[in-house]
Amino acid sequence: TSGIEAALQNTALRSDFGGSEFEPAIVTSPVDFPWALVTVIFRPFPFEAGNLQALLIALEGTALLLFALYRWRWVLAALTSARRQPYVAFAAFFIGMFVIGFSSFPNFGLLVRQRVQVLPFILLLLCIPPLRDRRERPVGA
């Protein structure tokens, strides 16, 4: 195993405690990234909650997931604007590195507390509207 992969495995072994542990989605190849993104950003899901506090956090993650699915075009528009808007490129890079770094944490409690760092960047991608077609613009605009 490579140095990064070994470090992620070691983190997973040291963080598996406290009653909110789960099987982590460690990123070892690009194929692993989508499930790791869902795990790090949106989980736990409501059916994974074991108490009221976990249920509230699960509802928050579910609401964010539904909002992201509703705004998928906006996310694509934001990502395509990354060359014009360096802050968007930074946000996408930060989200990617955050997901890779925290994908090895097998504890929802730890993930939820650390997720606060990345939420502003996620919301940024959800708030950049797609460009409208020139034919849709009013005259004089």
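A compact table of results
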read-out	value
Any hit, the range 127-134, residues being closer than 30 Å to Asn51 by Cα and open to solvent by less than 40 Å² (accessible area, probe 1.4 Å)	no
Residue within the range 40-48 that is more than 19 Å from Gln117 (Cβ to Cβ), modelled with pLDDT under 95, not polar (S, T, N, Q) and not in a helix (DSSP H, G or I) present	yes
Inter-residue pairs, beta-carbon under 7 Å, first closer than 16 Å to Thr62 by Cα and in the range 30-51, second assigned to a loop (DSSP other than H, G, I, E, B) and charged (D, E, K, R), 6+ apart	none
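The values are calculated or read from the model by the stated rules, or taken from the named source; none is laboratory data. Predicted model, so just to flag it, every value in this text is computed and none were measured. Positions of Cβ are backbone-derived with ideal geometry, glycine not excepted, and every protein chain shown enters the neighbour counts. SASA here: full protein model, heavy atoms, side chains in, ligands and nucleic acids out. Shrake-Rupley method; radii C 1.70, N 1.55, O 1.52, S 1.80 Å.
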